1. Do you know which residues across the range 150-168 are over 16 Å from residue 84 (Cβ atoms) and in a helix (DSSP H, G or I)?
2. Using beta carbons and a limit of 7 Å, which pairs, at least six apart or on different chains, have the first residue in the range 110-122 and more than 16 Å from residue 148 (Cα to Cα) and the second one modelled with pLDDT of 90 or more and part of a helix (DSSP H, G or I)?
3. Between 59, 34, 85, which is at pLDDT below 65 and either out of contact with any Phe, Trp or Tyr (no Cβ under 6 Å at 6 or more places or on another chain) or open to solvent by 70 Å² or more (accessible area, probe 1.4 Å) (or both)?
4. Are any residues in the range 103-148 under 28 Å from residue 80 (Cβ atoms), assigned to a loop (DSSP other than H, G, I, E, B) and open to solvent by less than 60 Å² (accessible area, probe 1.4 Å), and if so, which ones?
5. Which number in (1) modelled with pLDDT of 90 or more; (2) within 30 Å of residue 71 (Cβ to Cβ); (3) in contact with a helix residue (DSSP H, G or I) (Cβ under 8 Å, 6 or more places away or on another chain) marks the one condition that residue 149 misses?
6. Could you list, ordered by first residue, the pairs with Cβ atoms under 6 Å in which the first is in the range 65-88 and of a type in the set (S, T, N, Q) and the second is modelled with pLDDT under 90 and surrounded by 13 or more Cβ atoms within 10 Å (Cβ to Cβ), at least 6 apart or interchain?
7. Scanning the range 160-180 for residues that are touching a residue at least 12 places away in the same chain (Cβ under 8 Å) and loosely packed, with under 14 Cβ neighbours inside 10 Å, which turns out nearest to residue 116 (Cα to Cα)?
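The values are calculated or read from the model by the stated rules, or taken from the named source; none is laboratory data. No experiment lies behind these values; they were computed from the predicted model shown. Positions of Cβ are backbone-derived with ideal geometry, glycine not excepted, and every protein chain shown enters the neighbour counts. Just so you know, the surface numbers come from the protein's heavy atoms only, side chains and all, with ligands and any DNA or RNA stripped out. Shrake-Rupley method; radii C 1.70, N 1.55, O 1.52, S 1.80 Å.
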Amino acid sequence: AIQHRLFEKADKDRGRFRSLILAALQHYAANSHRHDQAQRRRPPGGFVSADELREEGGRTEMLGVEHDPAGKAFTKSWAQTLLGRVVKALEDECAKTGRQVHFEIFRRSIVAPILEGIEAPSQRAMAGELGLAEKEVANRLVTARRAYQRLLRDEIAEYAGSDEEIETEIRDLFAALREI
């Protein structure tokens, strides 16, 4: 991509930069697949019959081909990286403003269940552990969620050109998360 001056060809009027990178990745994967298939049609050692493979104890079943693994991997990586940066930014912001408890409630209620697959503790249980009223836990969670949403929009605004593009990126992000 770099040797073909891909970055110089980027034009915001023609679409998102992420789409350009994804298209380059897909072209690379297609070319690599085409090269692999050519080698299979003419293997360097010649062809081997299925009978010979069976006699040697080799595998003879057909292997399935995954469709668009590069695109899915790219989208998953993009979503995870973006969300990770925003969670870290929220943690840093909460630490600077003395709201570590806000982040802890957000992490245990939202982040850990998604990333670690664990069940979120009840607000009542967290209130008891943290020495807060249940209503305070709920209010701090709302405050942290709003801060997270703001930081997410700010992160996407770094590369999106307009409010419409930000909304599109957020929709794409949540669609990608549903597929993960």
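1. Result: 150, 153, 157, 163, 164, 165, 166, 167, 168.
2. Close Cβ pairs (under 7 Å, with a partner that is modelled with pLDDT of 90 or more and part of a helix (DSSP H, G or I)) amount to 120/108; 120/109; 121/108.
3. On the way: 34 fails: at pLDDT below 65; 85 fails: at pLDDT below 65.
From the options 59, 34, 85, the qualifying one is 59.
4. 120, 121, listed by residue number.
5. Going through the list (1) modelled with pLDDT of 90 or more; (2) within 30 Å of residue 71 (Cβ to Cβ); (3) in contact with a helix residue (DSSP H, G or I) (Cβ under 8 Å, 6 or more places away or on another chain), residue 149 breaks only (3).
6. Filtered contacts from the range 65-88: 75/176.
7. Taking the candidates together, the pick is 180.
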